[in-house]
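One structure is given here, and the rest of the page talks about it.
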Amino acid sequence: MADIEFFFDPLCPWAWITSRWVVEVAEQRDLSVEWRFISLAMINEVRLNATPEEAAELGIEPAPPGFAAVAAAGASLLRIAAAIRQDSGNQAVGEFYTTCGNLLHKGGRSAAFWSAEGPSDPAGVVSEIIAAADLSPEIAAAADQEEFDVVVRAESDLAFERTGKDVGTPIITFDTTRPNEATLFGPVINRIPRGEEALQLWDAMWIVARTPGLAEFKRSLRGAPNFD
């Protein structure tokens, strides 16, 4: 059993920042991380498919026009990640996620995905990631294989069983011996804590996550994401 479970969608910039903090902590504390899946497309399924009239009736905001590209690219990358896990295990999933984040977020590609218009060539970005990860043709082909959606949906559902459905990404199980009590959405941070600061935040979050009955505390974003 891993010490930490981290649920991610490769397209989420906030999840990427938090994941690098978790990696920093794991390296310093010799903790193991299991990389698990949660799909922004599935989280926003109703918003993506609802007409403006249906959205108004449901009392939800329809998905912005560019979000369809986020959903499609994220689905493709998560299918690939599921195929990698099936073929090569958890460590390879973590390595693939690192490749995704370095190209999408540190490499500046994700900004277009989150613009109003969306990226001009989302499939091309997925192809760039496949090339950067040096994937076999068989694993790369998983991008279009809907059979892997079953795994992604099951893990998305598992994450929401632990937190409730009114949250997003990232989701972290801080203590895998108590998954239903020690799983939270967040922390959402706009920069990567390093060194002692990373450990201080981890220790604080670990206590918070394991506190019975705790549900939520929140404030608005502190600034644009910084991936350095």
Name the single residue, out of those in region 38-59 being in a loop (DSSP other than H, G, I, E, B) and free of Cβ contacts under 8 Å to residues at least 24 places away in the same chain, that is farthest from Leu103 (Cα to Cα).
-> Gly59
Taking region 177-227 only, how many residues are surrounded by 13 or more Cβ atoms within 10 Å (Cβ to Cβ), within 17 Å of the chain's Cα centre (by Cα) and assigned to a loop (DSSP other than H, G, I, E, B)?
-> 9
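This table checks each residue for (1) under 22 Å from Gly101 (Cα atoms); (2) touching a residue at least 12 places away in the same chain (Cβ under 8 Å); (3) touching a Phe, Trp or Tyr at 6+ places or on another chain (Cβ under 9 Å); (4) not small (Gly, Ala, Ser).
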{"position": "Asp134", "(1), (2), (3), (4)": "yes, no, no, yes"}
{"position": "Pro137", "(1), (2), (3), (4)": "yes, no, no, yes"}
{"position": "Val150", "(1), (2), (3), (4)": "no, no, no, yes"}
{"position": "Ala154", "(1), (2), (3), (4)": "no, no, yes, no"}
{"position": "Thr169", "(1), (2), (3), (4)": "yes, yes, yes, yes"}
{"position": "Ile192", "(1), (2), (3), (4)": "yes, yes, yes, yes"}
{"position": "Glu196", "(1), (2), (3), (4)": "no, no, no, yes"}
{"position": "Gln200", "(1), (2), (3), (4)": "no, no, no, yes"}
{"position": "Pro212", "(1), (2), (3), (4)": "no, yes, no, yes"}
When region 15-39 is examined, which residues are found to be more than 8 Å from the chain's Cα centre (by Cα) and either over 13 Å from Gly94 (Cα atoms) or basic (Lys, Arg) (or both)?
-> Ile17, Thr18, Arg20, Trp21, Glu24, Val25, Glu27, Gln28, Arg29, Asp30, Leu31, Arg36
Matching residues in region 168-187 (under 20 Å from Pro10 (Cα atoms) and of a type outside the set (A, V, I, L, M, F, W, C)) number 7
Among the residues of region 60-72, is there at least one that is closer than 23 Å to Gln86 by Cβ and in a helix (DSSP H, G or I)?
-> yes
Would a scan of region 72-85 turn up a residue that is under 17 Å from the mean Cα position of the chain (by Cα) and farther than 30 Å from Val25 by Cβ?
-> yes
With respect to Pro10, determine if the residue is part of a loop (DSSP other than H, G, I, E, B), without any contact (Cβ under 8 Å) to a residue 24 or more places away in the chain and crowded, with 18+ Cβ neighbours inside 10 Å.
-> no
When region 43-59 is checked residue by residue, the ones that are over 21 Å from Leu158 (Cβ atoms) and either surrounded by fewer than 16 Cβ atoms within 10 Å (Cβ to Cβ) or in contact with a strand residue (DSSP E or B) (Cβ under 6 Å, 6 or more places away or on another chain) (or both) are Asn49, Thr51, Pro52, Glu53, Glu54, Ala56, Glu57, Leu58, Gly59
Count of region 188-214 residues which are of a type in the set (S, T, N, Q) and within 23 Å of Pro13 (Cα to Cα) = 2
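Each value in this text was obtained by applying a stated rule to the coordinates, not by laboratory testing. Quick caveat, the model's predicted, so the values are computed rather than measured. Every residue, glycine as well, gets a Cβ built from its backbone with ideal geometry; the counts of neighbours run over all protein chains shown.
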